[in-house]
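Accompanying notes for the structure given below.
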Amino acid sequence: MRALTIVVPARNEARVVGKVLRRLQQQFPDAELLLVNNGSTDDTEAVALATGCRVINEPAPGKGRAMLAGARAASNDWLLFHDADTEYETADAVQVVATAMLTGHCAIGVRMVAFDHVRPSSWLANRVIQWMLHRRYGVWVRDVLTGTRCMRRSLFLSLDASAKGFGIETQLTLGCIKRGVPIDEVPVRYIPRSKAQGKKIRAWHLWSLMRIAMS
């Protein structure tokens with residue numbers, strides 16, 4: 001997929017990012033693989049460089065900042081955003097990309113996870129924002145907060161997503177809805193990690209995500 005750039009925002013993921021990048025290289029051998037080192041204080045950058053991945057630095061912390069930096073630096077027309085941890089099954093991203101390129105829409109990975117693995121705060125955040133968007137716009141998006149999504153670079157940049165942190169996914173979803181851009185949904189396997197394992201999003205993020213959904 002020569003028209004594809006995979007943007008991987010990463011902050012302090014040295015323990016697992018090498019595995020994720022190598023898997024993405026196997027699944028997308030012709031794509032540009034771009035890691036955005038988001039102010040890491042560990043060896044994230046060195047591990048990424050050892051895989052042959054292109055690395056750029058965005059020192060200001062925040063997933064939204066990292067995704068924007070990656071989109072601006074990307075060389076190709078299509079962008080796949082993929083998290084730097086092992087929560088998502090990278091093989092499933094292939095169908096996300098194929099769906100987006102086939103339809104020309106935005107495609108997202110809808111996380112398939114056993115209920116006993118779901119963090120209550122994550123489940124609640126998704127459900128509340130889903131309900132808010134459905135009530136306001138009549139659209140039901142099954143996974144607003146997914147870290148796997150594919151869209152044209154021009155679309156991403158035109159949405160003027162300004163969220164600095166985890167609100168970026170909600171903002172992108174809302175932007176597509178307001179623009180009338182269809183959001184295609186593809187199931188992806190997902191095993192969430194714990195805070196001790198490096199999970200960064202917290203329950204209190206729900207409030208900022210709700211404010212974005214209401215904007």
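Every number here is computed from the coordinates shown, using simple stated rules; none is lab data. Being a predicted model, the structure only gives us computed values, none of them experimental. Please note: Cβ atoms are built from the backbone with ideal geometry, for glycine as well, and neighbour counts cover all protein chains shown.
For residue 19 and residue 135, the FRET efficiency from 1/(1 + (r/R0)^6), where r spans their Cβ atoms and R0 equals 30 Å, is about 0.15.
Note down the relative contact order for region 1-108 as a percent, whole number, built from C-alpha pairs under 8 angstrom at least six residues apart.
Result for region 1-108 is 36 percent.
Note that region 39-52 has calculated 3J(HN,Hα) couplings of x, 5, 10, 10, 9, 3, 4, 5, 5, 5, 4, 5, 7, x Hz, one per residue in order, obtained from phi through the Karplus relation 6.51 cos²θ - 1.76 cosθ + 1.60 (θ = phi - 60°); glycine and proline are x.
In order along region 26-37, the phi-based Karplus estimate (6.51 cos²θ - 1.76 cosθ + 1.60, θ = phi - 60°) of 3J(HN,Hα) comes to 5, 6, 10, x, 9, 7, 7, 10, 10, 9, 9, 6 Hz; Gly and Pro are listed as x. Distances between placed amide hydrogens fall under 5 Å for residue 110 paired with 186, 188, all partners being 5 or more residues away or on another chain. Rounded to the nearest 0.05, what FRET efficiency do residue 94 and residue 43 have when you use their Cβ-Cβ distance and R0 = 25 Å? It comes out at approximately 0.30. The label-point distance for residue 142 and residue 178, in a model that sets each label 7 Å from Cα toward Cβ, rounds to 2.6 nm.
Highest mean packing comes first when the peptides 97-109, 4-16 are listed by Cβ atoms within 10 Å, giving 4-16, 97-109. Taken one residue at a time, the phi angles of region 163-177 give Karplus couplings (6.51, -1.76, 1.60, θ = phi - 60°) of 4, 7, x, 5, x, 4, 5, 4, 5, 5, 4, 4, x, 5, 4 Hz. Gly and Pro are set to x.
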